[in-house]
Amino acid sequence: AAWPAWPAWMGPARLYAATLAATHLVGSAAEVLNQTNALETLYRSTDGPNWGVDQDGNKLSTNWMVGGPCSNAWYGVTCSEEGEVTQLELDGSNVDSGIVGTLPTQLGVLTAMNKRFILQEHSGLNGTIPTELGGLTAQTNYFVLQDNKLSGTIPTQFGRLSMMGKFFSLQSNKFTSAFPTQLGLMTGMYQYAYLQDTDCTSLPTQLGKMSLLSYTLALSDNNEFGAGSATMPTQLGQMTAMQQYFNFVWNNMVGTLPTQLGQLTALTLGFKLQSNKFSGVIPTQYGRLTAITQSFQLQSNKLCNDVPTEVAALSNSITTNFKVTTSNDIGTSCCETLNPTDSYMSTVGGSCAPSPIPSSIPTVTSNPTSYEEYSRLIAEVDESCDDACEGRGMACSENQLHAVKSTFTKHNISTLVSSLGGTCDSTSDEKSWSAAPLLITSTTDGTTTTTTKCYPSDPSRSVESFSCSAVSSLTDAQRVCFCVDAPSPMPTL
């Protein structure tokens with residue numbers, strides 16, 4: 001039989017509209033079914049029948065698996081009028097939640113969720129974060145997976161959460177990767193970002209793109225940062241809207257403090273960089289953080305030189321937690337505390353720049369015959385050297401050419417003297433030799449002659465004289481603070 005004709009009142013336009021409406025209903029029903037299946041999968045994958053109670057004694061599993069999550073008001077689930085899940089909150093704070101297992105990939109279909117996605121403080125929640133959670137792009141308020149035992153890598157797909165704004169937290173988990181650079185794409189963040197105690201291994205400079213973050217950036221207790229080689233990104237100085245806390249405590253971070261952090265002038269509560277391994281000077285620009293009233297903490301690092309007067313003045317308004325000098329090298333020249341092989345000339349603002357050699361070079365002429373006498377001679381030279389070099393920005397005990405306490409192969413001596421414009425003549429083996437103290441003498445034409453003796457680490461080998469001459473000027477040789485005749489023969493140590 002033929003199909004009946006369409007009613008005359010239903011023209012092509014109305015037919016098309018009706019078809020779209022029916023398609024929408026079918027699509028919505030499919031989405032609702034998928035979301036229901038996702039929540040059911042979460043229930044099964046985290047031992048739902050044994051979920052505990054919240055702080056008020058309500059069972060976390062109330063109404064779950066009975067009817068639909070929206071129609072039957074499953075605990076922690078909120079829905080829109082259209083029946084789409086807009087919130088999932090299972091908070092295990094201060095209780096034994098009983099949630100044990102892993103997060104299913106199906107949670108990625110909750111694409112209408114824009115209020116709260118909170119699964120926090122579940123000691124039994126482990127495994128990796130599904131990359132599919134990067135598809136929750138409607139989320140603008142809370143994305144919280146803190147205080148669990150999640151591991152593996154943080155999904156790069158989180159960079160798609162560009163509308164995420166209020167509260168993003170992955171703190172207190174056990175990740176084994178770096179923070180992905182894609183987190184910098186979450187440029188809509190404007191309140192809180194908590195990333196502390198994650199065991200992540202490095203910090204991307206791209207986080208500085210969260211320039212709208214107005215309350216707190218917390219990245220403390222990440223002791224795995226770069227295995228002790230991570231530095232503070234200068235780009236974080238772009239977060240000029242931040243008003244509460246800039247917290248980077250206990251991160252095992254190294255390097256110098258960026259001057260750019262002095263741009264965070266909207267901070268009112270805390271600037272906390274204590275208990276790291278930062279070195280160098282305290283930037284005078286930090287004196288601009290005058291709105292802070294509670295905490296300015298730089299203690300327990302390796303900071304040196306004096307506290308800038310601009311920074312010291314902050315203590316007038318910060319009366320409880322202004323801690324700068326404790327467990328630092330404040331008051332000691334950075335040229336003494338920094339490794340001479342590092343690029344410290346630029347990091348401390350040129351305060352280690354060359355200066356003329358002392359007009360009277362301390363010299364000790366003695367021929368020790370025992371290790372005890374040799375030790376005494378070393379102490380005597382150290383004292384005279386310190387006196388001569390005091391205030392010159394380079395203590396002898398940290399001198400790059402300090403041959404009294406350090407040993408150099410002849411190759412090292414040749415390289416160092418060559419860097420000063422001199423030359424060395426020697427044809428013998430350059431390995432397994434120790435250098436005695438350098439002897440610097442000045443000639444009438446203003447040049448210097450550097451002479452030392454090299455002693456074999458193998459006592460059976462003979463002592464060899466090793467002369468380096470024609471160093472261009474005393475200024476070029478300024479880092480050699482002292483002179484001492486080499487003991488001959490070298491005492492047995």
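The values are calculated or read from the model by the stated rules, or taken from the named source; none is laboratory data. All values reported here derive from a predicted model rather than from experimental measurement. Counting neighbours? That spans all protein chains shown, and the Cβs are built from the backbone with ideal geometry, glycine included. These accessible areas exclude ligands, DNA and RNA; they are computed on the full protein's heavy atoms, side chains included. Shrake-Rupley method; radii C 1.70, N 1.55, O 1.52, S 1.80 Å.
Structural remarks
- Scanning segment 322-354 for residues that are part of a strand (DSSP E or B) and at pLDDT below 95 returns D329, I330.
- Within segment 63-71, the presence of a residue that is closer than 28 Å to T176 by Cβ and open to solvent by 40 Å² or more (accessible area, probe 1.4 Å) is excluded.
- Criterion: in contact (Cβ under 8 Å) with a residue 24 or more places away in the chain and in contact with a strand residue (DSSP E or B) (Cβ under 7 Å, 6 or more places away or on another chain) - qualifying residue of T268, T290, T256: T256
- Some residue of segment 199-208 being hydrophobic (A, V, I, L, M, F, W, C) and surrounded by fewer than 21 Cβ atoms within 10 Å (Cβ to Cβ): no
- Among residues that are over 21 Å from L219 (Cβ atoms) and either free of Cβ contacts under 8 Å to residues at least 24 places away in the same chain or hydrophobic (A, V, I, L, M, F, W, C) (or both), A312 is included.
Residues checked against (1) modelled with pLDDT of 95 or more; (2) crowded, with 17+ Cβ neighbours inside 10 Å; (3) part of a strand (DSSP E or B); (4) under 21 Å from the mean Cα position of the chain (by Cα):
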| residue | (1), (2), (3), (4) |
| --- | --- |
| D96 | no, no, no, no |
| L119 | yes, yes, yes, no |
| G134 | yes, yes, no, no |
| F143 | yes, yes, yes, no |
| G165 | no, yes, no, no |
| A178 | no, yes, no, yes |
| G184 | no, yes, no, yes |
| M189 | no, yes, no, yes |
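- Scan segment 281-319 for residues that are open to solvent by 10 Å² or more (accessible area, probe 1.4 Å), of a type in the set (A, V, I, L, M, F, W, C) and under 20 Å from M253 (Cα atoms) and the total you get is 1.
- Pairs where the first residue, in segment 170-184, is without any contact (Cβ under 8 Å) to a residue 60 or more places away in the chain and the second is open to solvent by 20 Å² or more (accessible area, probe 1.4 Å) and part of a strand (DSSP E or B), C-beta under 8 Å, 6+ apart: L170/Y194; Q171/Y194; N173/K149; N173/S151; K174/K149; K174/S151; F175/S151; T176/S151
- From the options L107, L88, residue that is under 27 Å from S151 (Cα atoms) and either assigned to a strand (DSSP E or B) or open to solvent by 10 Å² or more (accessible area, probe 1.4 Å) (or both): L88
- Those residues of segment 227-274 which are outside any loop (DSSP other than H, G, I, E, B), open to solvent by less than 60 Å² (accessible area, probe 1.4 Å) and within 15 Å of F296 (Cβ to Cβ), in sequence order: F246, N247, L261, G262, G270, F271, K272
- Pick from segment 74-85, criterion modelled with pLDDT of 95 or more and not in a strand (DSSP E or B), ranking: surrounded by the most Cβ atoms within 10 Å (Cβ to Cβ): W74
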